[in-house]
Amino acid sequence: MPPCGTWLQPLLALIVSASLTRSHSCPSRCLCPDNHTVNCTSQGLVGVPDSIPLDVRRLLLSNNWIPWIPSDFLVLYTDLVYLDLRNNSLSQLDPGTLSSSSRLVFLDLGSNNLTEIPSGMFGESKSLIKLRLGNNPYLRMIGRDAFSGLSALRELDLEKNAFTVLDVRVLEPLASLRMLRLEGNPWLCNCHFAKLFAWLYQNRQKLPTGMEGIECSLPPDGLRVPLSVFSEDSFRECRGALTLTDCLIVIFSGISVSFAAIVTSFLLASIVHCFQRISKTSKGDEEEGKD
Ligand SMILES: *[C@@H]1O[C@H](CO)[C@@H](O)[C@H](O)[C@H]1NC(C)=O
Ligand SMILES: *[C@@H]1O[C@H](CO)[C@@H](O)[C@H](O)[C@H]1NC(C)=O
Ligand SMILES: *[C@@H]1O[C@H](CO)[C@@H](O)[C@H](O)[C@H]1NC(C)=O
Ligand SMILES: *[C@@H]1O[C@H](CO)[C@@H](O)[C@H](O)[C@H]1NC(C)=O
């Protein structure tokens, strides 16, 4: 019997050369401007190309029609630092798909069709600094622990999604957060919003549009108002065991106060105007009297 080495060596050589060719080829329809960048932007792709070099660091797949990514995708591309999947057709990701992304710094999943960000989706992506999840028009659910491992995350985009409310415990683990986009969501300013409001108020310097740029709708008629019309006191009564209606009255009373102020000043102005007219008329009468 021949020793193992005689057949193992050619086999190993074959594997090594195969993986070398693989790591130096550029997928068809993509550009590889340097050894670590694969750019497949706007190529009408309906799936992730399968001959991406294993040592890729920057992978650009935006403006395609990719509906899903294999769950072992990041297990293969362990050097990946930058992954752009913006403007594709992703509606969900298998649990754990992104959880092995230990080097990933930038991830763009904006302008897709995601509906939910489940807990554990990003695992312990401790290197992640920018995460873009905006412009997913059906995205309205985020698992409570979805962001809990993202200790380095500085920028989080959640704008133009379908959120009416967000559990503030989702945001609390983000110790490094500097910028948060929440504008363009159908936020509902009822008592369920109270804790998020308090957090936003305390972290308002992290909102690029400020409180002014985030609108919420007031039940019952859905009037949209910027968050800047509220103060922490607006939601104070929500802490007790009040019903929703009670809270609405409380929230409305704040607005009613300013409305009452406007009405009062209008009435005052009218009264003043009337008095002026009356005094003019009486002056006119006096003048008529002189005649
Ligand atoms: C890219 O890879 C090839 C083959 O390994 C190598 O010869 C070349 O120097 C590399 N280029 C750069 C810019 O690193
Ligand atoms: C990727 O390729 C597109 C053209 O297909 C080009 O417009 C874009 O600038 C490239 N991006 C990078 C980062 O190389
Ligand atoms: C999104 O991708 C599609 C398909 O490539 C393209 O037609 C469209 O212009 C892109 N939209 C944006 C906002 O880039
Ligand atoms: C996006 O998701 C919604 C809700 O799941 C679905 O009704 C719609 O058809 C999807 N759109 C596309 C373009 O996949």
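Observations
- Complete set of residues in the stretch 181-206 that are of a type in the set (A, V, I, L, M) and crowded, with 19+ Cβ neighbours inside 10 Å: L182, A194, L196, L200
- Evaluating L107 against the criteria (1) of a type in the set (A, V, I, L, M); (2) farther than 24 Å from E215 by Cα; (3) surrounded by fewer than 18 Cβ atoms within 10 Å (Cβ to Cβ) leaves one unmet condition, (3).
- Counting only residues that are out of contact with any Lys or Arg (no Cβ under 9 Å at 6 or more places or on another chain) and either in contact (Cβ under 8 Å) with a residue 60 or more places away in the chain or of a type in the set (D, E, K, R) (or both), the stretch 113-130 holds 2 of them.
- For the stretch 53-62, the count of residues that are under 22 Å from the mean Cα position of the chain (by Cα), within 16 Å of ligand 3 (Cβ to nearest atom) and of a type in the set (A, V, I, L, M) is nonzero.
- Scanning the stretch 46-74 for residues that are within 12 Å of ligand 2 (Cβ to nearest atom) and more than 17 Å from R103 (Cβ to Cβ) yields L61, S62, N63, N64.
- Listed conditions (1) away from ligand 1 (no atom under 16 Å from the Cβ); (2) modelled with pLDDT of 95 or more; (3) outside any loop (DSSP other than H, G, I, E, B) are all met by L12, apart from (2).
A quick yes/no check of all residues on (1) at pLDDT 95 or above; (2) assigned by TED's automatic domain parsing to the domain that holds G123; (3) under 18 Å from P27 (Cα atoms):
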{"position": "V56", "(1), (2), (3)": "yes, yes, yes"}
{"position": "I69", "(1), (2), (3)": "no, yes, yes"}
{"position": "D72", "(1), (2), (3)": "no, yes, no"}
{"position": "L76", "(1), (2), (3)": "no, yes, yes"}
{"position": "Y82", "(1), (2), (3)": "yes, yes, yes"}
{"position": "R86", "(1), (2), (3)": "yes, yes, no"}
{"position": "L90", "(1), (2), (3)": "yes, yes, no"}
{"position": "D94", "(1), (2), (3)": "no, yes, no"}
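- Those strands (runs of 3 or more DSSP E) lying entirely in the stretch 67-183 with at least 1 residues within 29 Å of F193 (Cβ to Cβ) and out of contact with any Asp or Glu (no Cβ under 6 Å at 6 or more places or on another chain): 106-108, 130-132, 155-157, 179-181
So that you can scan it fast, the table gives a plain yes or no per residue for (1) more than 20 Å from Y77 (Cα to Cα); (2) surrounded by fewer than 20 Cβ atoms within 10 Å (Cβ to Cβ); (3) not polar (S, T, N, Q):
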site	(1), (2), (3)
L93	no, no, yes
N112	yes, no, no
P118	yes, yes, yes
S127	no, yes, no
R140	yes, yes, yes
A152	yes, yes, yes
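- Annotation: T41 fulfils all but one of (1) buried (at least 22 other Cβ atoms within 10 Å of the Cβ); (2) touching a strand residue (DSSP E or B) at 6+ places or on another chain (Cβ under 9 Å); (3) over 26 Å from L174 (Cβ atoms); the unmet one is (1).
The values are calculated or read from the model by the stated rules, or taken from the named source; none is laboratory data. Note that the structure is a prediction, hence the values are computed from the model and not measured. Virtual Cβ from ideal backbone geometry, glycine too; neighbours counted across all protein chains shown.
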